[in-house]
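Student: First the structure, which I've put down as structure tokens, then a few questions once you've had a look.
Rule-based calculations on the coordinates, nothing more; no lab input. On a predicted model such as this, the values are computed, not experimentally measured, just so you know. We place every Cβ from the backbone using ideal geometry, glycine too, and count neighbours over all the protein chains shown.
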Amino acid sequence: MPLIFFATLFFFLMLGFPVAFTLGGVSLFFGYFSCGLPFLNLLPLRIWGVMSNYLLISVPLFVYMGVMLERSGVSEKLLETMALLFGKIRGGIAISVVIVGALLAASTGIVGATVVTMGLLSLPTMLKRGYDPRLATGTISAAGTLGQIIPPSIVLVLLGSVLNIPTGDMFMGAVIPGLILVLLYLIWIAIVSVVKPEQVPKMTEKEIADFRGKAMFKQILLSFVPPFSLIVVVLGSIFAGIASPTEAAAVGALGATILTILKGKFKYSTLKTVMTETTHLTCMVFIILVGATFFGLVFRGMEGDRYITDLVLKANLTPHIFIALVMIIIFVAGFFIDFFEITFIIVPVVAPIFKEMGIDLLWIGILIAINFQTSFLTPPLGFALFYLKGVAPKEIKTSDIYKGVIPYIGIQLIGLLLIVLIPEIVTWLPRMFGR
């Protein structure tokens, strides 16, 4: 029965029915006929337990911070300044896109906003200067998805909630893997610069000379200090134990608003747009979470978690083979459904098995987060590819974007393999802070 329940759920999801209502509807149907009506009386208590979770208040606050920063103009200044700083280096604009993508990830954590912003600002510039369209689109897409793994990330908050791991530990565990991915991206651009220099031309001497005048240091300070300050305040307060993730998210939301005011971009229309987008995304997350609560209760009521655990243990799968199997399933599922659905459907099912096998759930959580990031880039349904295509110039073909992300998918898989082989990449920093 649990397998039929699971298969039915995925069948309706593949047909395109809304995720939250599919989760709730299918779960209610199977719960009624397998567990009985009295069992469903537990649902209101479970929903209340989820909605009163203090940690999850950080979700709308982090979303608000990201959307407000997107409207502040910080990203435009960062891209412009970084491109000119690295202008003398071949591939300097591509390098600046990766670094700015990492900074925006640490400031906002919203993939769609980062990809769209950098696509609008840097893609026309890269094409104008003779960059290969595939390299340009691949770099922007990959840099934009860093918001999935570099904290503060909504993905890490939700995964921590499902795996019952403190958000601060998830954030600390993701720092070094995120930096490794950034480094691998930069190494790839450097290799392309040597092997195929025509794909990554330099900026003109005149542009660099105009920038490197008296106002150079002022522009650098104005571009870097505000976002860096926000990152230090938000993440630093969490890592130092001064503030909880929810409190730090509130400080970040206020800081993003102040930055927008200082940039002269704060208006009533801006606030209205930010609040609307924040409400929309937050409602989407929480209605899926309510549906997932239905699913989790009924699945456990049918003893599905025990059934799956026994099935895996009787198959005598080694922990590494089981991890590989789960990663492949999540990777393939990411072609078709969003990370929200995977987080609330697949992860709760496999988490008890990981725990039974004695596997570190923090390590697994970061592996899953990087896997999510890879699925954002994977053709044909990678969400980052759709975001970029929506704002790309008409001469950019969908095939250019698909081909451009292939090297970065390979790089992310290398990063995933490194973390599998060296778990200390994830666990070292949390241990340093006394996890």
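Student: Multiply the residue separation of PHE29 and ILE261 by 0.36 nm, subtract the distance between their alpha-carbon atoms, and state the gained length in nm to one decimal.
Tutor: 78.5 nm
Student: Which ordering of TRP188, TRP48 is given by a fewest-first count of other beta-carbon atoms within 10 Å?
Tutor: By the 10 Å Cβ count, ascending, the order reads TRP48, TRP188.
Student: May I pose another question? Would you calculate the separation in nanometres between label points at LEU15 and ILE422, each defined as 7 Å from the Cα along the Cα-to-beta-carbon direction?
Tutor: So the label points at LEU15 and ILE422 sit 4.9 nm apart.
Student: VAL50 label point, 7 Å along Cα→Cβ, cut-off 14 Å on backbone N: hits in segment 17-36?
Tutor: So the set is 19-28.
Student: Using only the Cα atoms of the chain, construct the convex hull and provide its projected area averaged over every direction, in square nanometres to one decimal.
Tutor: Hull-based average projected area comes out at 21.7 nm².
Student: Next question. Tell me, how many Å apart are the Cα centres for segment 54-79 and for segment 226-263?
Tutor: 10 Å
Student: Follow-up question, since we're still on this one. Taking a point 7 angstrom from the Cα of LEU271 along the C-beta vector, which residues in segment 224-242 have backbone N less than 13 Å away?
Tutor: none
Student: Now a separate question. With the cut-off at 20 Å, tell me which of the pairs LYS202/LYS263; LYS128/LYS389; LYS196/LYS389; LYS128/LYS196 have Cα atoms farther apart than that.
Tutor: LYS202/LYS263; LYS196/LYS389
Student: Sticking with the crude label model, points 7 Å out along Cα→Cβ, report the distance from LYS128 to ILE191 in nm, one decimal please.
Tutor: Calculated label separation equals 3.1 nm.
Student: What value, in deg cm²/dmol to 500, does the helix sum -39500 (n - 2.57) over DSSP H runs of n ≥ 4 give at 222 nm once divided by the residues of the chain?
Tutor: Helix contribution divided over all residues of the chain: -25500 deg cm²/dmol.
Student: Still on this structure, please answer the following. Taking the chain as a Gaussian network, Cα atoms linked when under 10 Å apart, which of ALA315, ALA102, ALA136 shows the biggest mean-square fluctuation?
Tutor: Top of the fluctuation ranking is ALA315.
Student: Report the FRET efficiency, 1/(1 + (r/R0)^6), for LEU317 and GLU198, where r is their Cβ-Cβ distance and R0 is 45 Å, rounded to 0.05.
Tutor: So the FRET efficiency works out to roughly 0.40.
Student: If you rank PHE62, PHE11 by fewest surrounding Cβ atoms within 10 Å, what's the result?
Tutor: PHE11, PHE62
Student: Through the Karplus equation 6.51 cos²θ - 1.76 cosθ + 1.60, θ set to phi - 60°, convert the phi angles of segment 354-361 into ³J(HN,Hα) values in whole Hz; use x for Gly and Pro.
Tutor: Listing the rounded values in order: 4, 5, 5, 7, x, 8, 5, 5 Hz.
Student: For a Förster distance of 41 Å, can you work out the FRET efficiency between the beta-carbons of PHE228 and ILE287, rounded to the nearest 0.05?
Tutor: Efficiency computed from Cβ-Cβ geometry: 0.70.
Student: By the gyration tensor of its Cα atoms, with a ≥ b ≥ c the square roots of the eigenvalues, what is the shape of segment 328-435: rounded for a/c under 1.5, prolate for a/b over b/c, or oblate?
Tutor: Note, shape of segment 328-435 comes out prolate.
Student: Could you work out the relative contact order of the chain, using alpha carbon pairs under 8 angstrom and six or more residues apart, expressed as a whole percent?
Tutor: About 27 percent, as a whole number.
Student: OK, next. Going by how many other Cβ atoms sit within 10 Å of their own, how do VAL155, VAL115 line up, fewest first?
Tutor: Fewest-to-most Cβ neighbours within 10 Å comes out as VAL155, VAL115.
Student: Next up: How much length would be gained if the chain were fully extended between ALA7 and LEU183, taking 0.36 nm per residue of separation minus their Cα-Cα distance, in nm to one decimal?
Tutor: My answer for the length gained is 59.3 nm.
Student: With the chain treated as a Gaussian network of Cα nodes joined by springs under 10 Å, which of THR145, THR279, THR137 yields the largest mean-square fluctuation?
Tutor: So, out of THR145, THR279, THR137, the one fluctuating most is THR279.
Student: Picking from TYR387, TYR408, TYR54, which is most flexible by a Gaussian network model of the chain using Cα springs under 10 Å?
Tutor: Maximum among the listed residues: TYR54.
Student: Could you pull out which residues in segment 145-189 have an amide N less than 12 Å from a spot 7 Å beyond the Cα of PHE433, following the Cα-Cβ vector?
Tutor: 151-153, 166-176
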